[in-house]
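This report refers to the structure that appears directly beneath it.
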């Protein structure tokens, strides 16, 4: 039985952040989320508790079968593209190997204001094949604030997201910091799932996934540290799966 995500055990009750449905595979523990918050208001999670990982060319996977044998790894997102011209050097090889090992895999694009939504989508479409995807696409929206106004950024990001949705048949999940969420995305993108990057529990935001940026996990089969993410307690991998 999978170990519970302690820090989000009653997140739905406390904050009303629901994805719909119940989370499978986790059990509750003696301490509630509220108790943990009271004891540790800046709780930063536990590097041994996670639901999925994010990988790029910076990671060195030496044994995909070992990664797949980790019962906590429910999904893997691979960096695919960045802006209008960059493709991750390990993306295609990692995608093939991860799927062969039986892992649920998705692809991530890093959105930039330095190139047009059209050119970025061409890069994404050329690199990411829909038939190879198990999970909804992920779009990192860590915008460069000095490069655009809120309106310019929202319009460009929405244009890119619409193109990806039309191509993949599903809405992408948006990855961002809590600051970007509140300042630029909360109002205009409320119908999207969010993947929050934050040192502590993103209690002021509506989120599906939380990726801490204060430490990295360690997974058998991967040399070095790995970015790990955990679901909001009301969510699970079923929220990310592309229905085929």
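The values are calculated or read from the model by the stated rules, or taken from the named source; none is laboratory data. Because the structure is a prediction, the values reported are computed rather than measured. Cβ: placed from backbone, ideal geometry, glycine included. Neighbour counts: every protein chain shown.
Here residue 139 passes the criteria (1) under 23 Å from residue 235 (Cβ atoms); (2) at pLDDT 95 or above; (3) surrounded by fewer than 21 Cβ atoms within 10 Å (Cβ to Cβ) except the one numbered (3).
Looking at the stretch 202-226, which of its residues are farther than 19 Å from residue 101 by Cα and not in a loop (DSSP other than H, G, I, E, B)? 209, 210, 211, 217 - these are the residues of the stretch 202-226 that are farther than 19 Å from residue 101 by Cα and not in a loop (DSSP other than H, G, I, E, B). In the stretch 55-81, what residues are assigned to a strand (DSSP E or B) and either in contact with a helix residue (DSSP H, G or I) (Cβ under 8 Å, 6 or more places away or on another chain) or over 20 Å from residue 173 (Cβ atoms) (or both)? Correct list: 55, 60, 61, 75, 76, 78, 79, 80, 81. The residues of the stretch 170-186 that are over 16 Å from residue 77 (Cα atoms) and touching a helix residue (DSSP H, G or I) at 6+ places or on another chain (Cβ under 8 Å), listed by number, are 183, 184, 185. Kindly indicate the residue of the stretch 232-244 that is at pLDDT below 90 and in contact with a helix residue (DSSP H, G or I) (Cβ under 8 Å, 6 or more places away or on another chain) and also surrounded by the most Cβ atoms within 10 Å (Cβ to Cβ) among those meeting that condition. That would be 232. The combined condition, being closer than 29 Å to residue 147 by Cβ, assigned to a strand (DSSP E or B) and at pLDDT 90 or above, is fulfilled by residue 229. Screening residue 189 against (1) modelled with pLDDT of 90 or more; (2) touching a helix residue (DSSP H, G or I) at 6+ places or on another chain (Cβ under 6 Å) leaves a single unmet condition, (2). Considering only residues in the stretch 212-225 that are in contact with a strand residue (DSSP E or B) (Cβ under 8 Å, 6 or more places away or on another chain) and modelled with pLDDT of 90 or more, the one that is farthest from residue 52 (Cα to Cα) turns out to be 223. Within the stretch 215-225, the set of residues being surrounded by 15 or more Cβ atoms within 10 Å (Cβ to Cβ) and either at positive phi or in contact with a helix residue (DSSP H, G or I) (Cβ under 9 Å, 6 or more places away or on another chain) (or both) comprises 219, 221, 222.
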